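The values are calculated or read from the model by the stated rules, or taken from the named source; none is laboratory data. Quick caveat: nothing in here was measured; it's all calculated off a predicted structure. No Cβ is skipped: glycine too gets one built from the backbone with ideal geometry, and neighbour counts run over all protein chains shown. For the accessible areas, the whole protein counts, side chains as well, though only heavy atoms, and no ligand, DNA or RNA atoms are used. Shrake-Rupley method; radii C 1.70, N 1.55, O 1.52, S 1.80 Å.
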Amino acid sequence: MFTEFKEKYINKGLFSVCYGDDFIKNPAPDSVERRERKDRISYEKSFLLGNKLQIAETTDVLKDFPVIETRLKIKNLSGENTAKIKDLKTLDIVLETEKDVPSGFPCDNDYAKVIRYRGYAREEEECCPHNDYLNDGKIHSYAPIQARSCDGVMAYFDVVRKDAGAVLSVGWTGQWQADFLRTSAGVSVRVGMQTCDFYLKSGEEYEYVSASLLFYENGYLNGHNVFRKYMKSVSPAGKNKRIEQLPVFTGTWGGLSEDKHLRLIDIFRQAGSECYWMDSGWFGHLTKEQAEKSVAWYEHVGNWNVNKTVHPSEFATIQKKCKEQGMGLLLWFEFERAMKNSDEYKKHPDWFIDKKGEDNGQVLLNMGVKEARDYFFALLADLIEKTGINWYRQDFNVDALPYMRNDETGRDGITELAYINGLYEFLDKILTVYPYMMIDNCAGGGNRMDIEMQRRAVTLWRSDYNCYTDYVKEGIQAASMGSALLFPYHGTGVRVSSRDLYDIRAGYAAAADINTTDEDFVKAWEKYGDYSADDAAVEFARSLTPLLKKVIEEYKTVRHLYSENFAPHSAFNADSFSWCCYEFYNDGKTESVIHVFRRSDNEQSSADYVVCGVNENCDYIVRDMDGETVIIGGKSLRTKGLRVEINNKSESKLFYIVKK
């Protein structure tokens, strides 16, 4: 499939567009330059439409992966407006597949299918794969919710027939759309902005939606382990002066008073933490009581002053304490959103976008305005100087589509186009000016984890699902499995406050975000007195110290494996009746870690799992992190499997396996 695709498309455009009255698809370029680079061969193609609109398409064939990346830049070269640009698709191609062989009912070997991945929507089975068969003759269309690229559905798809397929990654942090249709030649794939019906003014130029295709021939899971390696290669982790091994994070509400933060840093460092996480609530004009109780913090975005009622030194003592303890520091921001009663909106109301058709008191910073971007970058630079942070956390708690649709008449989609271009420029500037800085990409969880954001950031908090007391623990297990298909670098909340290893171990990933002041803390407040008891947060964390040490030590033993190969040993679901098992292992098959969970309604006390990360001619030291260590031959682990016994429901096992 990879070779055929290159031969068919590499010397022509992969895009289509309605320009004025003309529909143009896969045109021959006016010029093409082939450039040999270190890790890729680039084909830079130029197309001039109507003597005004230039479309520059760069198609890269990667050397280390069976991957083709493509991106567009559109520019008005004339002194007048262009004609209307409608329905521009970065990809409008056909992936050739074997013909379908109907057998009367859908099955994997009969029909081509699209595999989609559920978005992070605060529900069970987030990011888990789902099959949509293409034998119905209909166009299968997918788009995110509310202009957050992975809200509702992830910006990643597989097009598969038997063991051959391609992983499509949509690179757009707004409202994209992907369409799939089974044809006699294969599967038609079209990707672009969902709303594109605008003209460009003189001199305007923008980057457009990007896309990448990773091809595989030897099965879905093998393909996705190659994809994980590819995603590691695009990540900023390990590049320039940035760390590759993500740290152990512990932290709490940013609105707690400075003295509490200082004591918590000591507690967490003694337990083995490596980076202190200060979440929202540190800013604005709240009273001390309001800030500590997280009252109305949501309504204070746009006030980016350090709240001196809880942080009188403006982070100077916290910065000093972290440095003394050898810990990094992460700080939460949400520059893209503001309230109309906020300081920044009052200063510059023209920099913000209103919600179309409604005034709810909340506005969106127009990232398409360069003056606004420069102002907020300077504000951030000042806070970086004050705080000494090495992790910048950018959140985005807003349904953005009604704001993005507030366009000029006759230019539907132009606001979103300018906004996303400005967002990328803002993040790129952070990475350039601060070569050590890591960006944590949050959007109420992992709702903006498309590949363009993965090139600039990692997501340390993939979901808000377990922020609430009614979450299903099996849902975290399922989400960890689904997320592992796509993301080698990510993290989620590790709820040590639950005191339950069945819950805690489900959250282990390449990053560990260990919380002690979540909803379980709310339930435990009464143990330490009144809600407003001054030392409640500190003393609750201190009470967890023995468990914190155990969990962090256990996690550090195996954490290097969570960005390696992935092998699921059970279904991608959150049912309560089965066992759940999955594995991570290195390329040399010298180390692996295996997670096993006996779920809440399962009646079985034992199960056997064939281990992927071993060689048959070697012996392995198998360490039960709760019990004994034994030596087992690789052949036995590959054929008979690892026997796991769990006597009680809703309990877990973690095994660390090392070649002897």
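Which FRET efficiency, nearest 0.05, do LYS356 and ASP382 yield, Cβ-Cβ r, R0 22 Å?
0.10
Students often get this wrong: which residues of segment 572-591 have the backbone nitrogen under 19 Å from the point 7 angstrom along Cα-to-C-beta of GLN245?
584-591
Rounded if a/c is under 1.5, else prolate if a/b is larger than b/c, else oblate: which is segment 57-203, with a ≥ b ≥ c the root eigenvalues of its Cα gyration tensor?
Note, shape of segment 57-203 comes out prolate.
Compute the normalised compactness of segment 524-660: alpha-carbon radius of gyration over 2.2 N^0.38 Å, N being the residue count.
Against the empirical 2.2 N^0.38 Å value, I get 1.28 for segment 524-660.
Please sort 260-272, 450-462 by packing, taking for each peptide the average over its residues of neighbouring beta carbons within 10 angstrom, highest first.
450-462, 260-272
Add +1 for every Lys or Arg and -1 for every Asp or Glu among the other residues with Cβ under 11 Å from the Cβ of TYR216, and state the total.
That sum, taken over residues with Cβ under 11 Å, equals -3.
Just tell me which lysines come within less than 23 Å, Cα to Cα, of LYS113; anything on the same chain fewer than 8 places away is out.
Partners found: LYS6, LYS8, LYS89, LYS99, LYS138, LYS162.
If R0 is 30 Å, what FRET efficiency do you get for ASN305 and ASP266 from their C-beta distance, rounded to 0.05?
0.65
With N residues in segment 306-353, what two-decimal value do you get for its Cα radius of gyration over 2.2 N^0.38 Å?
Ratio of Rg to 2.2 N^0.38 Å for segment 306-353: 1.60.
Quick check: at a probe of 1.4 Å, how many percent of the accessible area of the chain sits on carbon and sulfur atoms?
After summing per-atom areas, the C and S share lands at 47 percent.
Please report the Cα spread of segment 219-260 along all three principal axes, rounded to whole Å, starting with the longest.
54, 26, 14
What percentages, rounded to whole numbers, describe P(r) for the chain computed over all alpha carbon pairs with 10 Å bin width beginning at zero?
Result, from short to long distances: 3, 15, 25, 26, 19, 10, 3, 0 percent.
Rounded to the nearest 500, what is the 222 nm mean residue ellipticity of the chain from helices alone, with -39500 (n - 2.57) per DSSP H run of 4+ residues and division by all residues?
Using -39500 (n - 2.57) per qualifying helix, the result is -6500 deg cm²/dmol.
Hey, which aspartates and glutamates would be in cross-link range of LYS640, C-alpha to C-alpha under 17 Å, not counting anything within fewer than 8 residues on its own chain?
GLU583, ASP608, GLU616, ASP619
Rounded, prolate or oblate: which fits segment 228-323 when a ≥ b ≥ c are the square roots of the eigenvalues of the alpha-carbon gyration tensor, with rounded for a/c under 1.5 and prolate only if a/b beats b/c? All intermediate terms of the calculation are to be shown ahead of the outcome.
On the way: a/c = 2.47, a/b = 1.65, b/c = 1.50.
Prolate.
Karplus couplings for segment 307-314 from phi (6.51 cos²θ - 1.76 cosθ + 1.60, θ = phi - 60°), rounded to Hz, Gly and Pro as x?
Karplus-based 3J(HN,Hα) across segment 307-314 equals 6, 6, 5, 10, 10, x, 8, 6 Hz.
Please turn the phi angles of segment 28-37 into ³J(HN,Hα) values with the Karplus equation 6.51 cos²θ - 1.76 cosθ + 1.60 (θ = phi - 60°), one per residue in order, whole Hz, x for glycine and proline.
Ordered by residue, 3J(HN,Hα) equals 6, x, 6, 8, 8, 10, 9, 10, 8, 10 Hz.
Based on C-alpha coordinates, I'd like the Rg and Dmax of segment 173-283, in Å.
Final numbers for Rg and Dmax: 23.0, 68 Å.
Mean Kyte-Doolittle of at least -0.5 plus a Cα span of 15 Å or more along the axis: flag which DSSP H helices in the chain meet both, please.
What comes out of the filter, once short or polar helices are dropped, is 370-387, 414-433, 473-484, 545-558.
ASP470 accessible area, nearest 10 Å², 1.4 Å probe?
Around 120 Å² of this residue is reachable by solvent.
How many angstrom lie between the Cα centre of segment 530-591 and the Cα centre of segment 181-201?
41
With a point put 7 Å past each Cα toward its Cβ, work out how far ASP608 is from HIS130 in nm, to one decimal.
If labels sit at ASP608 and HIS130, their model points lie 3.6 nm apart.
Can you list the lysines whose alpha carbon is less than 19 Å from that of LYS320, not counting same-chain residues fewer than 8 positions off?
LYS260, LYS308, LYS386
Under 12 Å from a point 7 Å along the Cα-to-Cβ line of LYS38: which residues of segment 209-245 have their amide N that close?
239-240
Shape call for segment 1-51 from the C-alpha gyration tensor, a ≥ b ≥ c root eigenvalues: rounded (a/c under 1.5), prolate (a/b greater than b/c) or oblate?
Taking the square roots of the gyration eigenvalues as a ≥ b ≥ c, segment 1-51 is oblate.
Between LEU221 and ARG499, what length comes free when the chain is fully extended (0.36 nm per residue of separation minus the Cα-Cα distance, one decimal in nm)?
On the way: separation 278, 0.36 × 278 = 100.08 nm, distance 3.36 nm.
Computed gain between LEU221 and ARG499 is 96.7 nm.
Quick one: length gained pulling GLU539 to ILE631 fully straight, 0.36 nm per residue minus the C-alpha distance?
Taking GLU539 through ILE631 to full extension adds about 28.9 nm, to one decimal.
Quick check for you: which residues of segment 410-429 have the amide N under 15 Å from the point 7 Å beyond the Cα of LEU77 toward its beta carbon?
No residue qualifies, since no backbone N sits under 15 Å from the label point.
Mean projection of the alpha-carbon convex hull of segment 287-416 over all orientations, in nm²?
Value for segment 287-416: 8.9 nm².
Using only the Cα atoms, what convex hull volume per residue in Å³ does segment 242-294 have?
85
Please compute the Kirkwood hydrodynamic radius over segment 451-504, one decimal place, Å, based on all pairs of different Cα atoms.
12.2
Non-local amide H neighbours of ARG462 (under 5 Å, H modeled in plane, Pro and chain starts lacking H): which ones?
GLY491, THR492, GLY493
With a 1.4 Å probe and all protein chains left in place, how much accessible area per residue does the chain have, in Å²?
37
Report Rg (one decimal) and Dmax (nearest whole number) for segment 395-484, counting Cα atoms only, units Å.
According to the Cα coordinates of segment 395-484, Rg and Dmax are 16.3, 49 Å.
Mind putting a number on the dipole of the chain about its Cα centre? Charges go on the C-beta only, +1 for Lys and Arg and -1 for Asp and Glu, and I need it in Debye to the nearest 20. Write down the numbers at each step before the final one.
Values: 85 positive and 101 negative charges, 318 e Å.
Roughly 1520 debye, rounded to the nearest 20.
When every alpha-carbon pair in segment 135-180 is counted, what percent end up more than 15 Å apart?
Numbers: 495 of 1035 pairs.
Here the long-distance tail beyond 15 Å is 48 percent of all Cα pairs in segment 135-180.
Counting alpha carbon pairs within less than 8 Å and at least 6 residues apart, what relative contact order, in whole percent, applies to the chain?
In percent, rounded to a whole number, it is 11.
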